[in-house]
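Accompanying notes for the structure given below.
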Amino acid sequence: MISLELVLASSSVYRSQQLQMLGIPFRCATPEIDETARLHELAKVLVTRLSENKAKAVHQHYPKAVIIAGDQVAELDHRIFGKPLNRETAIQQLQAFSGRTVYSYTGLCVMNTYTQQCETTYVVTKVRFRTLSDQVIGKYLDRDQPFNCSGSTKIEGTGITLFKSIESTDHSAITGLPMITLIDLLEKNGIHVF
């Protein structure tokens, strides 16, 4: 039986922390890709396309590996919200989300470079936001600085306080990797937690 290395194609600290919880050794590789959405591209198509592109961006360096890649965006009224990258955009995003239901799409790709098999999927998380005052938004941004987080929400910090409810088949997806789905795909590739 071939021993396959596990590679996380991501520079995300949060995805790395999620994968560490499984207790399986892995390495990280930063994929260099264009993450621009295409005109009229659906959120579910965008996150699966980018997840697969991230895996493909690093696969040539790992001929005997299982590569994990993910991507995440928020969607409201058919509009896609990615990482705000700055305070002004984060304020605009959170003001738009205030009191509304937002859908978080988390894409996942698991690529086996030895067998050349690749599976992509996505998980949708329905997030109901509390009504957010400008003061709450400002304090939250000061504390968490979620400028590199999809939809300006860092659930690993105090971002959870912005929500009224979360509905998903896999609650871990909102952090960046849908772990329930991932475990199934890893097992299909011979990588077991226990």
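Observations, loosely collected:
- Residue ID - surrounded by the fewest Cβ atoms within 10 Å (Cβ to Cβ), chosen from residues in region 3-17 that are part of a loop (DSSP other than H, G, I, E, B) and among the small types (Gly, Ala, Ser): SER3
- Subset of region 53-62 (residues that are within 18 Å of THR36 (Cα to Cα) and buried (at least 22 other Cβ atoms within 10 Å of the Cβ)): LYS54, ALA55
- Residue that is surrounded by the fewest Cβ atoms within 10 Å (Cβ to Cβ) [pool: residues in region 63-90 that are assigned to a strand (DSSP E or B) and among the charged types (D, E, K, R)]: ARG79
- Cβ pairs under 7 Å, 6+ apart, first in region 1-22 and more than 16 Å from LYS54 (Cα to Cα) and in contact (Cβ under 8 Å) with a residue 24 or more places away in the chain, second part of a helix (DSSP H, G or I) and of a type in the set (S, T, N, Q): TYR14/THR175; GLN18/SER172; GLN18/THR175
- Checking each residue in region 142-158 for being surrounded by fewer than 19 Cβ atoms within 10 Å (Cβ to Cβ) and assigned to a helix (DSSP H, G or I) picks out ASP142, ARG143, THR158.
Per-residue answers, yes or no, for (1) free of Cβ contacts under 8 Å to residues at least 24 places away in the same chain; (2) in contact with a Phe, Trp or Tyr (Cβ under 7 Å, 6 or more places away or on another chain); (3) of a type in the set (A, V, I, L, M, F, W, C):
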| residue | (1), (2), (3) |
| --- | --- |
| GLY82 | no, no, no |
| THR89 | no, no, no |
| GLN93 | no, yes, no |
| SER98 | no, yes, no |
| THR101 | no, no, no |
| SER104 | no, no, no |
| CYS109 | no, no, yes |
| THR120 | no, no, no |
| VAL124 | no, yes, yes |
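- LEU50 meets each of the listed conditions (1) touching a residue at least 60 places away in the same chain (Cβ under 8 Å); (2) surrounded by 22 or more Cβ atoms within 10 Å (Cβ to Cβ) apart from (1).
- Any pair with Cβ under 6 angstrom, 6 or more apart, that starts in region 149-167 at a residue that is free of Cβ contacts under 8 Å to residues at least 60 places away in the same chain and ends at one that is in a strand (DSSP E or B): PHE163/VAL127; LYS164/ARG128; SER165/ARG128; ILE166/VAL127; GLU167/LYS126
- Those residues of region 159-181 which are surrounded by fewer than 17 Cβ atoms within 10 Å (Cβ to Cβ) and under 29 Å from VAL193 (Cα atoms), in sequence order: ILE160, ILE166, GLU167, THR169, HIS171, ILE180
FYI, it's all coordinate maths here, none of it is from the lab. This structure is a prediction, so every number in the text was calculated from the model and none was measured. Virtual Cβ from ideal backbone geometry, glycine too; neighbours counted across all protein chains shown.
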